[in-house]
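Inspection log for the structure reproduced underneath, given as structure tokens.
The values are calculated or read from the model by the stated rules, or taken from the named source; none is laboratory data. What you see is a predicted model; the values in this text were computed from it and never measured. With ideal geometry, Cβ positions are generated from the backbone for all residues, glycine too; neighbour counts draw on all protein chains shown. Heavy atoms of the whole protein, side chains included, go into the accessibility calculation; ligands, DNA and RNA do not. Shrake-Rupley method; radii C 1.70, N 1.55, O 1.52, S 1.80 Å.
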Amino acid sequence: MLAQKTLDDLGWPTLVDHWAKRCATTRGERVVRAFPLFDSSDAARERAAEIKEARDLASRDAALPLGSISDIASAIERVRKAAALDAPELVAVATTGKSLARLRAHLKEHAAVAPKLAARGADIADLGHVFHPILDAFDADGKLVDHASDALGPLRRALASIKAQLVKRMETMLTDEKFAPYLQDTYYTQREDRYVLPVRTDGKGFVHGIVHGTSQSAATLFIEPEEIVDLNNRMKLAEAEVADEERRILTEFSGWVAEEAEPFTISLAAAETLDVIAAAAKMADDTVSAEPIIDDAPRIGLLHARHPLMLLAERRCVANDITVAAGQTLLVSGPNAGGKTVALKTVGLAALMARAGLHLTAESGSVIGWFGSVVTDIGDAQNLEKDLSTFSGHMVNLRELLGSASPGMLVLIDEIAVGTDPDQGAALAQSVLEALAAKGVTGIVTTHYERLKSLGATEGHFANASVGFDMERLEPTFKLHLGSPGSSGALAVAKRMGIASAVVERARELLGGTGARVEELLASVADQRRRIEVERAALLAELESVEAERHAMRAQRDKTQARFEKQTRAAHGEALSALRSARREIEEVRKVVRAKAAAEEATAEDLRIANRMLVTPGATVAQHEPKRKLPPGTPATPEALVPGAPVIVPKLGRCEVVAPPHDGKVEVRLGLMRATVPISDVLIDSHRAARAARREREEAPPDEKPQGPNVVLVDGVPAGGRATARTIDSTIDVRGQRADEAVSAVDRFLDESLMAGRDTAFVVHGHGTGALRTAIRTHFSSHKAIDKFRAGEPNEGGDGVTVAFLKG
């Protein structure tokens, strides 16, 4: 159990409030506010993984649908006791059942992305046989519809007919000479759900019937004429029959809910937990948090950590790296208002958030240990009611801390042993910290004591850290620097806060030469470190800018090349179209010539002219056809053309040398076919050669494998399965196509790639629902021309791209 003081010191209730407000259900909000901390690190890791899945779903526009889930626990408990629910309660139960079913179906649909959440969703029961008929029986206003039962409709129509008769009779009485002279006004109304006429008191003897009341002035009597008593009675009986039927329907529906009371309860509990997880995911997204590495060892390794409450309040927050080994105490020094306490509370909240399985406001890869107990001594411990001064209040806290200290405890102390003589306070502080270190606690302590700064530099259980100070602007930087103590900067802060310069200078004189020089040295070191960091940040920004420009230029070059190739292909296509048109015209000429020849009117010259017309256009177009890029390879030499060597003959494709070269020619084999070609037409297939060499190295004994620099390079890339650079020629985009269309298009593209001598093919299928990606990769797993395949790397398009490595 954690003390309420610790929770209040760290601001945990405020963080819980932010978490609870992001819940979609009242049940989830109650659970969050009940302080949900886990007792084991495994449970916390499981919850952190579930929150990650919820964030992944939200990033895919598939956030958990938790709307319209009401807290129907009390209604469920009532039907367990055979009580009947009223209409609003039944509508709430049915609407919640429908929402639970939607949540269950959503998680089942996205089980591949969120398997842990889908497992929780599996606990939600299928209650469609309960909520569907109930919802069908009510209209949008929550009233039973006529077809809710076979009897309800006819009963309501009978009641409506009686009411219509009553209204007609009442309207007739308003103008009837028997009643009109004695009416207070020309209207009729209802009293005790029975139709009556407003009769003046002086006319009560002339209108016979039942008096149901008088007006406030007693000048009007509301009389039910005896002519409509029977109709009123029939209406009351019809209303009772309708009410009885409605009550019977509600009782029947309540019985259905009672039969599924336990599944409803289990489903609500599952939705409650999912709501807590979804709210934590929303808070993590709002604060740009990351899933932590929860270590069983009590250590701290936060990267770019930020205070979560400052982020939630949209305040400026400086990110800091905070590292503390297990059983070590970090001593943080530096100026007041420089961020020491913020760093202290950031770590404390991180420890509590890890206990709750939450993501931390730090970079990915951050480590937080599992701390079974967190103890704080932050703020003014003065308590006048208990007759405790600031110092004595701190001593009470330290006494309790020393008595309960143990390994696995996180201790956070702000300004230890202040409020007394500085020398005695420093000595007492060192003694307390040494005692805590001997008990194996992990801690962070802020201080201004020089004695403790020296302790951090000489003792292994302690380490120094400091917050920065800008000497030029005389203000803190809020940046935490590990490994070195910092100047308290009291004189600089005093000057910044408006203390007269003469007073500050006098204080400097009183401080003495040695003390002043130490302060100045520490301040100078901090300032130099700040300047270096600023310069480093500027250099990194410049490097990123140059890299971005380089990528932009490369993209522009590829775009220009693609546009040129597209235009060239278009021009060639137009030429081919013109050729086909010319051939059609020539064929017509041939037909005419043949007809003349048959009639012995054709001449040999006519035929020769037609033949020249047929040949010339094709030759001209063929001469201007865009030349394809030659397959990758290096010119062959006679020495390299040994039997079995992989080669490329542009006119044939990938081949294999059969026999040594002779008379400037070499015999090659393509499948079962053999051919003798000039050596000048042969290229060494460097990619297949590199792969063969790699396989030999992998199959060789360990002591025979090449080491160190003896790595074969292919076009500057290690031959270890990495893809060559992605280009337009090696890429096909099948986004928007059906799976069968995409697979066919990819097959044709693979055939073209093999003929072109490529060793890698990039297939862009996008993310979407994953159906297209699954179809492509399933097809690749059995494709005989593919050696292996993988998802694209981030710079290649990520999981929206599949990279296939073609066999040689």
State the extension gain, in nm to one decimal, for the chain segment bounded by Ala111 and Glu434, taking 0.36 nm per residue of separation less the distance between their alpha-carbons.
-> 111.1 nm
Once the other residues with Cβ under 14 Å from the Cβ of Arg674 are scored (Lys, Arg +1; Asp, Glu -1), what is the net sum?
-> 0
Between the stretch 155-170 and the stretch 191-211, how many Å separate their Cα centres?
-> 20 Å
May I ask you to compute the full-extension gain from Asp42 to Leu539, defined as 0.36 nm times their residue separation minus their alpha-carbon distance, rounded to one decimal in nm?
-> 174.7 nm
Gain in span if fully extended, Ile786 to His551, counting 0.36 nm per residue against the direct Cα distance = 81.6 nm
For the stretch 241-379, what is the accessible area per residue in Å², given a 1.4 Å probe and the full set of protein chains?
-> 34 Å²
Based on the Cβ-Cβ distance of Lys21 and Leu482, what FRET efficiency does E = 1/(1 + (r/R0)^6) give at R0 = 41 Å, to the nearest 0.05?
-> 0.70
Taking R0 as 35 Å and r as the Cβ-Cβ distance between Glu793 and Asp295, the FRET efficiency 1/(1 + (r/R0)^6), rounded to the nearest 0.05, comes to 0.75
Please report the base-10 log of the normalised intensity I(q)/I(0) for the stretch 246-290, using a Debye sum with one equal scatterer per alpha carbon and no solvent, at each q in 0.31 (1/Å).
-> -0.95
Sparse-neighbourhood loop sites, trypsin sites (Lys or Arg not before Pro) in the stretch 184-215 - DSSP loop, at most 16 other Cβ within 10 angstrom | Lys204
Run through all the Cα pairs of the stretch 528-594 and give the fraction in each 5 Å bin from 0, expressed as whole percent.
-> 4, 14, 8, 9, 8, 7, 8, 6, 6, 5, 4, 5, 4, 3, 3, 2, 2, 1, 1, 0
Residues other than Leu349 with Cβ under 11 Å of its Cβ, Lys/Arg counted +1 and Asp/Glu -1, net out at +2
Using the Cα gyration tensor of the stretch 1-142, with a ≥ b ≥ c the square roots of its eigenvalues, what is the shape: rounded (a/c below 1.5), prolate (a/b larger than b/c) or oblate (neither)?
-> oblate
Spacing of the two label points (7 Å from each Cα toward its C-beta) at Thr189 and Glu226, in nm = 2.5 nm
Whole-number D in µm²/s for the stretch 736-803 (Stokes-Einstein; Kirkwood sum over Cα pairs; 10 °C, 1.306 mPa s) = 130 µm²/s
Cβ-Cβ cut-off under 12 Å around Ala240, Lys and Arg +1, Asp and Glu -1: the net charge is -3
Of the accessible area of the stretch 1-100, with the probe set at 1.4 angstrom, what percent is carbon plus sulfur?
-> 52 percent
What aspartates and glutamates sit close enough to Lys479 to cross-link, taking a C-alpha to C-alpha distance under 13 Å and skipping anything fewer than 8 places away on the same chain?
-> Asp321, Asp470, Asp527, Glu533
Gyration tensor (Cα only) of the stretch 395-511 to equivalent ellipsoid, semi-axes in Å sorted down, yields 30, 16, 12
Of the accessible area of the stretch 193-277, with the probe set at 1.4 angstrom, what percent is carbon plus sulfur?
-> 53 percent
Going through Lys566/Lys651; Lys651/Lys807; Lys651/Lys784; Lys143/Lys168; Lys559/Lys784; Lys178/Lys204 one by one, the pairs whose alpha carbons sit over 21 Å apart turn out to be Lys566/Lys651; Lys651/Lys784; Lys143/Lys168; Lys559/Lys784
